[in-house]
Amino acid sequence: MRFAVWLIERPRWFKRAVLIVNDLVLLTLAVWAAYTLRLSRLYVPDSLDKWLVIAAAPVIGVAVFHMRGLYKLVTRFIGPEGTTRIYIAVLIAAVLWAVAVLMSGVKGHPRSAIVIYALIAALLIRLSRQWAGMLLLAAAPQHKPASFDTRKSVIIYGAGTIGIQLLRALNEAGGYKTVAFIDSNPSLAGQFVHGVKVLRPEKIGKVIAGENVKEVLLATPTALRGERRIALKVLEAFPVVVKTLPALEDIASGHVQVSDLRPIDVEDLLGRDPVTPDIELLAANVRGKTVMITGAGGSIGSELTRQLLMLGPKTLVLLELSEVALYDISMEIEDIKRRLHDEGAAAPSTAIVAVLGSVLDRKLVARTIADRGVEVIYHAAAYKHVPIVETNPFAGLQNNTFGTLVVAEVAKELGVERFVLVSSDKAVRPTNIMGASKRLAEQILQAMAQDSGVSTVFTMVRFGNVLDSSGSVVKLFRTQIKAGGPVTVTHPDVIRYFMSIPEAAQLVIQAGTMATGGEVFVLEMGTPVKIDDLARTMIRLSGLEVRDEKHPDGDIAVAYIGLRPGEKLYEELLIGENTTGTSHPRIFKNSEPIVPFEELAGVLQRLEDAIQTLDESKMQELLRSVVEGYLPAGSGPQVAGKDEWQPTSRTLH
């Protein structure tokens, strides 16, 4: 046992040298035994040529073992895959030795001895590895790593297929020591998977402390987000860095590699189990058509562009005000098409048209729609950052409301089939210009849809915050954690809805297809999340400790800076109670008050006059008169009272 502990502490080159000497001895023994058994007598070569032929067998064997990577395997964790590699290596070595014997021209070597040699060699090499592995595993608890052992102790959370692939990748890469699997499956508890013991989640604290683990690798399927969140909740209590793997289908090679590991992302915390999309519903109003996306370079606009491309439109027209954003999304779409072609997939033949300009430019919008024959419009162009729009109210209202009016009127005049507005939960009882401008944009479309002579189907889709969008609190927290803090939260009780950008875009496309005209579709956002909990969870899952009164020596503090102008403690998705379901479990349809277009037209004209004269008080007055529930910042309480509805937040700790 002492020898095993001593051997564990030796450097890698020394251990490989021991294995090479071991294999030379055992292969020599195997070839001698093969001849002895075949000839039924103690075999002693009677010439130098025969001695050389015999000596060639172990030399060839060790060379093949080296080329096949047998000396890179960790002896304690060989497992079935390592055993298979041993057998294949021995077979190759035997065949090469047989060729060498044949080419040598030396007589008196029975061919059956080569087969016997292969069988004995495979048995001896496998038994030697198995015995060494058992000895070293038994010695491992007594082993205290020497100072020169630079391997990183890690735990793999999840002992399924992904976890096993990850273990193999770690063993082959070197530099990692997997001390345990953690898995909630009771049938795996206490079992050994490729030489690594599987433990229940409640044992993880003891392993982290005893083995000085600084990193836990999450190897649970991304499709089972509920299971991943449970794992993250367990890990949050420990001072470890958590890394995870992308979905197997997103890994280029199809096999897990160490380089695929990435830090835990907020989508792992907040993302939901996906609902399989209805492909026919997705493609119904896209395939073979000319589709225009306004704001195509933004967070939602760019994701809509990516997803629409895969649905086979005839042409994608990308309208974007930012030159840089338009260039980026255009190049990305062309790269996607090129990559699909190179991979042999059915690359879309969709034509991409990049249009640089504003939705407020009526002539540009009209020329683009007419010249390109646009049939469907996804209107995602908007100024959406609440504090910025609040301090630039005229620009915000003009872009969000009058930009929508311009595109909608041109779509109506030119007979566009379908117009889908990407709206926001901030449009519900808004307390800021951004929300009021989006609600007024909704009202314009609702009113236009009431005209029986209009062939265009106008609809809108309303949802909350999307993860990792530009200006997202998640990106801000990530940057602040990387800089050492503090992490700034506006209010300890503020809560928000969250949805991933791909899911939001997918649901927008499906909801737009369901529309018959004038509907307000609302996406089911799940349970709202407390932002304070989110900040603290992100800190802890970065392997750091929150600095507060209980932990004055922690790493990063959370600072409360107060609600910004126009912000609410919580957001809503519905104005009224008239909500009905649809054929999709996460898309709902809401009936809301409609202001006749004749009445809206007068208000819009006066709003435009107020914008031209920079009369903010008049603008606010007009917005209050037409946008139901609009309570601008500073004109009343921003915190929900005791009798007001408040959503139940999802806690993350």
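The values are calculated or read from the model by the stated rules, or taken from the named source; none is laboratory data. Please read all numbers here as calculations on a predicted model, not as lab measurements. FYI the Cβ positions are ideal-geometry reconstructions off the backbone, even for glycines, and counts take in every protein chain you see. These accessible areas exclude ligands, DNA and RNA; they are computed on the full protein's heavy atoms, side chains included. Shrake-Rupley method; radii C 1.70, N 1.55, O 1.52, S 1.80 Å.
Sequence neighbours fewer than 8 away in the same chain don't count; with that in mind, list the lysines whose C-alpha is under 19 Å from Lys107.
Correct list for Lys107: Lys50.
If packing is taken as the mean number of other Cβ atoms within 10 Å per residue, what is the order of 555-562, 54-61, highest first?
Going by the mean number of other Cβ atoms within 10 Å, highest first, we get 54-61, 555-562.
How would Phe181, Phe394 line up by accessible area, probe 1.4 Å, largest first?
Phe394, Phe181
I'd like the accessible area for Trp32: 1.4 Å probe, protein heavy atoms, all chains in place, Å² to the nearest 10.
Its heavy atoms expose roughly 100 Å² to the probe.
Can you give me the Cα centroid spacing of segment 287-365 and segment 372-407 in angstrom?
Here the two parts' Cα centres lie 19 Å apart.
In whole percent, and with a 1.4 Å probe on the protein chains, what portion of the accessible area of segment 342-392 is carbon and sulfur?
51 percent
Take the residue pairs Lys233/Lys482; Lys412/Lys530; Lys203/Lys243; Lys482/Lys530; Lys197/Lys550; Lys214/Lys384 and return only those whose Cα atoms are more than 31 Å apart.
Cα-Cα > 31 Å for Lys412/Lys530; Lys197/Lys550; Lys214/Lys384; rest within.
Determine the share of segment 508-606's accessible area contributed by carbon and sulfur atoms, expressed in whole percent, with a 1.4 angstrom probe.
That fraction is 50 percent.
Excluding ligands, DNA and RNA, what is the solvent-accessible area per residue of segment 271-427 at a probe of 1.4 Å, expressed in Å²?
So segment 271-427 comes to 41 Å² accessible per residue, rounded to a whole number.
Give me the 1.4 Å probe accessible area per residue for segment 469-597, excluding ligands and nucleic acids, in Å².
It amounts to 41 Å² per residue over segment 469-597.
So, taking all protein chains as they sit and a 1.4 Å probe, how much accessible area belongs to Thr456, in Å² rounded to tens?
The value for Thr456 is about 10 Å².
P(r) of segment 405-491 in 10 Å steps, Cα pairs, percent per bin?
15, 34, 24, 15, 9, 2, 0
Highest mean first, how do 357-366, 491-500, 373-382 rank when packing is the count of other Cβ atoms within 10 Å averaged over residues?
Averaged packing, sorted descending, gives the order 373-382, 491-500, 357-366.
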